[in-house]
Amino acid sequence: MGKILAACVGAAALVGCSTAQVPTEQLAASERMTKAAREGGASKVPAAAFYLQLADDEIGQARQLIGEGKQDRAYNMLVRAEADAELALAAAREGPAKAEAQEAIRRAQQMRSGL
C-alpha cells in the first residue's frame, strides 16, 4: 500500500513539473497552424479571418502568460489558438469549394433548361 501511494505521489509530482515548463512545442504548433491558415488564404475570407485573428490574439496572450510564469494557462491558450487557426484554415478552404459547387449547380441548371 505504501509503495502504491509513493508511486502516485511521485507521478503527480512529475505531472506537476512537466506542466510548469514553458510550452514551446505547443507554441510552435500554434504558430505553424496560423502560418498554414495565412498561406491557405484565411485572411481573405471573412469567416476565416475572424478565426485567424482569434488565434493571433491567443498566441499573444499566451506569450504574455509565459512571461508571467503562468505556463499552464499559456499552454491552454495555445491549444485554443491552434484550434482557432485550424478553423481558419478550414473556413478558407471551404470558401472556394463552396463557390465551385455553386458554379457546378448553376451550369447543371443551365444545361437542364437548355434541353
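Brief remarks follow.
- Taken together, the residues in segment 78-115 that are more than 10 Å from the chain's Cα centre (by Cα) and either surrounded by 10 or more Cβ atoms within 10 Å (Cβ to Cβ) or in a helix (DSSP H, G or I) (or both) amount to 25.
- Number of the exception - Ala62 against (1) of a type outside the set (Lys, Arg); (2) under 18 Å from the mean Cα position of the chain (by Cα); (3) surrounded by fewer than 20 Cβ atoms within 10 Å (Cβ to Cβ): (3)
- Within segment 22-40, being modelled with pLDDT of 95 or more and outside any helix (DSSP H, G or I) holds for Pro23, Gly40.
- Ala47 vs. criteria aliphatic (A, V, I, L, M), surrounded by fewer than 16 Cβ atoms within 10 Å (Cβ to Cβ) and touching a residue at least 12 places away in the same chain (Cβ under 8 Å): yes
The values are calculated or read from the model by the stated rules, or taken from the named source; none is laboratory data. Worth saying up front: this structure is predicted, and the values here are computed from it rather than measured. Glycine also receives a Cβ, built like all others from the backbone with ideal geometry; neighbour counts cover every protein chain displayed.
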